[in-house]
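What follows is calculated from the coordinates using simple rules that are stated; it is not laboratory data. For clarity, every value in this text was computed on a predicted model and none was experimentally measured. Note that each Cβ is placed from the backbone with ideal geometry, even for glycine, and that neighbours are counted across all protein chains shown.
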Amino acid sequence: MARKQNTAGSRQSPRFPQTRYQGSKRRFMDWIGGHLEQLEFDSALDAFGGSGVVSHWLKALGKRVVYNDLLGFNHQIGLALVENDEATLTEEDIADIISPAPGQVYDDFIQRNFGGIYYTDAENAWLDVVAQNLRRFGCRYKRALGYYALFQSALAKRPYNLFHRKNLYLRLADVRRGFGNKVTWDRPFQEHFRLHAQRANAAVFSNGQPCQAIQSDVANVQEQFGLVYIDTPYINARGVGVDYLGFYHFLEGLIRYADWPELVDWGSKHLRMQRTVSPWVSPDRIHQAFRDLLGKFADSILVVSYRSDGIPSAEELVGLVDEVKPRVEVHFHDRYRYALSTNKRSREMLIVGSGFR
Ligand SMILES: C[S@@+](CC[C@H](N)C(=O)[O-])C[C@H]1O[C@@H](n2cnc3c(N)ncnc32)[C@H](O)[C@@H]1O
């Protein structure tokens, strides 16, 4: 089948699917993209790729994009929607993924251990089957699309779209709710999966460039790029950082099914994974982490997304970019303020550093 092909610089390619990923820049993409379009570069690193929306947008602009993220489940998203140029899931593929294979014996790790935590017993049994079917799936891009659909389905059925608490009871309790969407929570996994598989299929395209998804601590990325886009986990003014593995450990478990028992913190009520401390969520290490990262990519155009009320402060971060780049522009997105933020000064901003020292 002829695939949608996008030529350099054209914006004809498919839009990125809706996502429930915390911190996704999807709603800011027209604004961020408007600034990226003004810059001259051929290759780009999306250093903290997350949902993949920025990489997908850069790919649509005709650039050679490398999507990077530390977490394995995000890597699958990058493979599915950035590196993948043409594979899509057929109806037959979907049927093979979401049903038990005849004669196959399945482990029941999720059903045995996660009862009453995130999903019902029947849903846990389905997740056991799908996680194991995907591990055996032949084509890595189709497998990645399958994981993408599984993650989006799993998020849609979670209160707050997270795995930070044992709170299945919120979904099941027969009470009036001021939040959430019981219809979405109760829709069967199979239906969610089909919907998200179709949305993922529709987002696949080629831009004629060899785009890539890698899984690395950003500190270990060796290659150099024309532009580096930086969107780190957010640390709020009280010093609390967004711990992505803490929020999404269950999705990481789905792709590391065979190793999951060794990764779990068995002492935690909601069976999260054992933590590793990262400089990107440590208020006392974050300034040095930014300094190292910006210095490492000082020969690239640097584009940093930031929330103005975090740690480091906006002024400190602009100062750090200014240390390595002669020209620094700061843009604010004025129409959007964070609804849940009590700090009225919380604004989305974009720092662009260019030129050479
Ligand atoms: C704010 S999110 C990025 C959101 C993304 N720009 C989007 O629009 O969806 C930060 C991401 O950084 C990743 N991350 C955290 N520490 C990292 C590290 N040391 N190296 C690479 N990625 C890291 C997290 O897994 C998370 O997906």
Go ahead and set up a Gaussian network model of the chain, Cα springs under 10 Å, then flag whichever of 120, 232, 88 fluctuates most. 120
With both partners inside the chain, how many of the DSSP beta bridges are antiparallel, as a percent to the nearest 5? 50 percent
Most mobile of 269, 25, 166 per a Gaussian network model of the chain (Cα springs, under 10 Å)? 269
With angles folded into 0 to 90 degrees, how steeply does helix 286-296 sit against the dominant principal axis of the chain? Use alpha carbons for both and round to 10. 70 degrees
Under the helix-only model (-39500 (n - 2.57) for each DSSP H run of 4 or more, divided by the residues of the chain), the mean residue ellipticity at 222 nm, to 500 deg cm²/dmol, is -10500 deg cm²/dmol
P(r) of the chain over all Cα-Cα pairs, binned every 10 Å from zero, in whole percent: 5, 24, 32, 25, 12, 2, 0
Once both axes come from the Cα atoms, what is the angle between helix 140-156 and the longest principal axis of the chain, in degrees from 0 to 90, rounded to 10? 80 degrees
Report relative contact order for the chain in percent, whole number only (criteria: Cα-Cα under 8 Å, sequence separation at least 6). 19 percent
Before anything else, pin down the relative contact order of the range 197-309: Cα pairs under 8 Å, at least 6 apart, normalised by residue count, whole percent. 37 percent
Sparse-neighbour loop sites [GluC sites (Glu not before Pro); the range 39-121; at most 13 other C-beta within 10 Å; DSSP]: 40, 86
With a cut-off of at most 11 other beta carbons within 10 Å, and DSSP calling the residue loop, which GluC sites (Glu not before Pro) in the range 202-305 qualify? Please list them. 223
What is the dipole size for the chain, taken about its Cα centre, with +1 at each Lys and Arg Cβ and -1 at each Asp and Glu Cβ, in debye to the nearest 20? 1040 debye
With Cα coordinates, the longest principal axis of the chain makes an angle with the long axis of helix 314-324, in degrees rounded to 10, of 60 degrees
Result: in the chain the number of Lys pairs with C-alpha under 27 Å apart, spaced 8 or more or on different chains, is 26
